[in-house]
């Protein structure tokens, strides 16, 4: 029932949200839900990410930021309201991704941050066991018009990280569902 409420809210937002107008979240950030992210970890998460642009071309995450976001009610609501689901997806800047209120600073402190290499591959080492959203932000300055503007978007995929495991996740591209492989 709660998922359905988030899904409906996400779909409503995708149809009515305007850039700059914050979306009020129902969830409250609870640091205890994501405290596992501050524990020592022994797992590895690797993968690739890309987005499919409006013109049909694909842009990889090479040189762009990628993050592991621990899953809690607050982060899940943000993801559902942005992507319309909590499994995988992409959003382009031209689709006006929502901004949120409250935007709790402690939420941003729980992210594990990295960068995709020149081949479009990311790697996180010593990841604590838990459930995460992998998010790649493929955003750049488009100087092709008279007024430069940011363009691109983000891709997301939900993963489960078990202790002492190697996870391989492939995000985005606007194609069929991407794979997640668990290697022990």
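Any idea how far apart residue 144 and residue 129 come out in nm if each label point goes 7 Å out from Cα toward Cβ?
The modelled label-to-label distance comes out at 4.8 nm.
Sort 98-105, 57-64 for me by packing, meaning the mean count of neighbouring Cβ atoms within 10 Å per residue, highest on top.
Put in order of decreasing packing, that is 57-64, 98-105.
Treat the count of other C-beta atoms within 10 Å as a stand-in for reagent exposure and order 35, 145 from fewest to most.
145, 35
Roughly what would the spin-label model give for residue 39 and residue 121, points 7 Å off Cα along C-beta, in nm?
3.0 nm
Could you line up 121, 80 from fewest to most neighbouring Cβ atoms inside 10 Å?
121, 80
What is the fewest-to-most order of 43, 144 by other Cβ atoms lying within 10 Å of their Cβ?
Neighbour counts put them in this order, fewest first: 144, 43.
Rule-based calculations on the coordinates, nothing more; no lab input. Quick caveat: nothing in here was measured; it's all calculated off a predicted structure. Methodologically, a virtual Cβ is constructed for each residue, glycine included, from the backbone with ideal geometry; neighbour enumeration extends over all protein chains shown.
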